[in-house]
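First the structure, in the form of structure tokens, and then the observations on it.
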Amino acid sequence: MTFLVAIVLLLFFYRTQYMLPIPYRVHEIIMGVLIVTVWALLMILLLSVVGILPVTFTFR
């Protein structure tokens, strides 16, 4: 769920880059934080799946 919220926020700020009344520097910081958050959540998701898969096949 958190991953989806981060993706939606990232897409929102990407699509409304020139429409929002905020300075470009602030927009750049927000986008950087969102990209790092999405990347971290994706890595957690991938590592949890990769960690679960061997366990499920071991105990079959």
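So which residues in the range 25-34 are surrounded by 10 or more Cβ atoms within 10 Å (Cβ to Cβ) and of a type outside the set (Gly, Ala, Ser)?
Of the range 25-34, the ones surrounded by 10 or more Cβ atoms within 10 Å (Cβ to Cβ) are 26-34.
If the condition is that a residue be surrounded by 10 or more Cβ atoms within 10 Å (Cβ to Cβ) and of a type outside the set (Gly, Ala, Ser), then Val26, His27, Glu28, Ile29, Ile30, Met31, Val33, Leu34 are the ones that fit.
Taking the range 1-31 as the region of interest, how many residues are farther than 14 Å from Leu42 by Cβ and assigned to a helix (DSSP H, G or I)?
So the answer is 15.
For the range 36-59, indicate whether the set of residues that are exposed (fewer than 10 other Cβ atoms within 10 Å of the Cβ), without any contact (Cβ under 8 Å) to a residue 24 or more places away in the chain and among the aromatic types (Phe, Trp, Tyr) is non-empty.
Yes, because at least one residue in the range 36-59 is exposed (fewer than 10 other Cβ atoms within 10 Å of the Cβ), without any contact (Cβ under 8 Å) to a residue 24 or more places away in the chain and among the aromatic types (Phe, Trp, Tyr).
Every read-out reported here was derived from the displayed coordinates using simple, explicitly stated rules and does not represent laboratory data. On a predicted model such as this, the values are computed, not experimentally measured, just so you know. Quick reminder, even Gly has a Cβ in these numbers, built from the backbone with ideal geometry, and neighbours come from all protein chains shown.
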